[in-house]
1. Looking at Asp24, Asp34, Asp67, which is the one that is out of contact with any Cys (no Cβ under 7 Å at 6 or more places or on another chain), surrounded by fewer than 16 Cβ atoms within 10 Å (Cβ to Cβ), under 23 Å from Phe198 (Cα atoms) and at pLDDT below 95?
2. Tell me, which helices (runs of 4 or more DSSP H) wholly within segment 98-206 include 2 or more residues that are surrounded by fewer than 13 Cβ atoms within 10 Å (Cβ to Cβ)?
3. Would you pick out the residues in segment 88-101 that are at pLDDT 95 or above and either basic (Lys, Arg) or closer than 21 Å to Glu26 by Cβ (or both)?
4. Where residues in segment 141-183 are under 20 Å from Ile82 (Cβ atoms) and among the hydroxyl-bearing types (Ser, Thr, Tyr), which of them is farthest from the chain's Cα centre (by Cα)?
Amino acid sequence: MVGMSEGPVEQPEHYFSERPAVGDRERVVEFELDGVGYELTASTGVFSGTRLDPGTSVLLRKVVPPDAAGVFLDLGCGYGPISAVLARRPDAEVWAVDVNRRALELTRRNTDRSPGTVHVATPREVPEAVRFDEIWSNPPIKVGKAALHELLATWLPRLTDDGVAWLVVSKHLGADSLSRWLADRDWSVEKHASAKGFRILRVSRT
């Protein structure tokens, strides 16, 4: 596993698989953020393929997007709503990473006209030398604790020295226990905000 397993995973949620078995039925997802309207194409077989996921919505509305140039990681990008927001700046370089090939193709389509630069990639396609000023993620809690911990242990060390990760996690699906796990591994963890049953964790180097 390289941060996220790139082979089929025995899970009922098809978006954990590299190539979802469920049929491809597209739909348009619309949302507005800071006066900017977004109209993205989603589909079955990807995470929250019928709407903007509530956790992602909380993350985007409670954390101010970067106000300077930088390299940013959208970890578990799905069909790309976080990437689309981060790439609004023409000097932004965004890595949109997922194991789901259908999700990656949708993200590519949804960001092809973004002012910023968006690299759409599987985990193994991200060069080892790339470091991130910010990581944004609505992590896949349902893959299980061991896989989630491996995911974060793989990508958080790729933050720059003063980089920060923003993670949104349901209070009822282990936000507090994840916070403790990160702190036990010498990450600095702050509860940045809470809304609609979700916590946003701000993670940085101690």
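The values are calculated or read from the model by the stated rules, or taken from the named source; none is laboratory data. What you see is a predicted model; the values in this text were computed from it and never measured. Cβ: placed from backbone, ideal geometry, glycine included. Neighbour counts: every protein chain shown.
1. Result of the check over Asp24, Asp34, Asp67: Asp34.
2. By residue number, 145-155, 175-184.
3. Those that are at pLDDT 95 or above and either basic (Lys, Arg) or closer than 21 Å to Glu26 by Cβ (or both): Arg88, Arg89, Ala96, Asp98.
4. Thr160
Residues checked against (1) within 25 Å of Val99 (Cα to Cα); (2) without any contact (Cβ under 8 Å) to a residue 60 or more places away in the chain; (3) small (Gly, Ala, Ser):
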| site | (1), (2), (3) |
| --- | --- |
| Glu39 | yes, yes, no |
| Gly55 | yes, no, yes |
| Gly70 | yes, no, yes |
| Leu73 | yes, no, no |
